[in-house]
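S.K.: Dumping the structure here so I can ask a few things about it.
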Amino acid sequence: MIGKLIGFIGGMATAAFVAYCVYFDHQRHSDPDFKRKLRERRRLARRKQEAMMAGGPDLCDQDGIEKYFLQEIKMGEALISSGEFETGVEHLTNAILVCNQPTRLLQVLQASLPYQVFDMLITRMQEFGTRITTIKEVGDAFEPAPLTDDLE
């Protein structure tokens, strides 16, 4: 008799747990923002993967980050000196994003870059900051350091 009672209670607990899971999965899917959040999360994951495939640094490898930083600084300076300001600023932005002292780097760049180019760099950084703020408002866990969040 006690064995049947324990079996019955176990069965009921399992059924209640499954019903609980089904109910909250239904609630999650019926949320109006669910699809938007899911698309945003997948888009961020795709961007992260594309950035890693496009030569972004392995954030666990300090030497890799340093090499990437120096490469982006060199490419940015070379492109700016050849007159390609937009792509040069893009490379400098990448360097700032992986730099562990971005304020110091910005001070050095402000002293060495022409005013118009530095202004483009600041504008680009503000756009990047706006995108991060938008992502945080969506509710995704996006850490300040780029390419470090685990989405799923």
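The values are calculated or read from the model by the stated rules, or taken from the named source; none is laboratory data. Predicted model only: the values in this text are computed from it and were never measured. Neighbour counts are summed over all protein chains in view; Cβ atoms, including those assigned to glycine, are modelled from backbone coordinates with ideal geometry. The accessibility values were calculated without ligands, DNA or RNA, using every heavy atom of the protein model including side chains. Shrake-Rupley method; radii C 1.70, N 1.55, O 1.52, S 1.80 Å.
S.K.: Rounded, prolate or oblate: pick one for the stretch 58-138, where a ≥ b ≥ c are the square roots of the eigenvalues of its C-alpha gyration tensor, a/c under 1.5 means rounded, and failing that, prolate if a/b is larger than b/c, else oblate.
M.R.: The shape class here is oblate.
S.K.: Right, something else. Given the Cα-Cα distance of Ser82 and Arg28 and 0.36 nm per residue of separation, how much length would full extension add, in nm?
M.R.: Taking Ser82 through Arg28 to full extension adds about 14.2 nm, to one decimal.
S.K.: Using the basic label-point model (7 angstrom from Cα toward the beta carbon), what is the Val108 to Ala45 distance in nanometres?
M.R.: Taking the simple label geometry, Val108 and Ala45 are separated by 3.7 nm.
S.K.: Between Gln101 and Leu38, how many nm apart are label points set 7 Å from Cα along the C-beta direction?
M.R.: Taking the two extended label points, one gets 4.7 nm.
S.K.: Continuing with the same structure: When ligands, DNA and RNA are left out and all protein chains stay put, how many square angstrom of accessible area per residue does the stretch 58-138 have with a 1.4 Å probe?
M.R.: Result: 64 Å² of accessible area for each residue.
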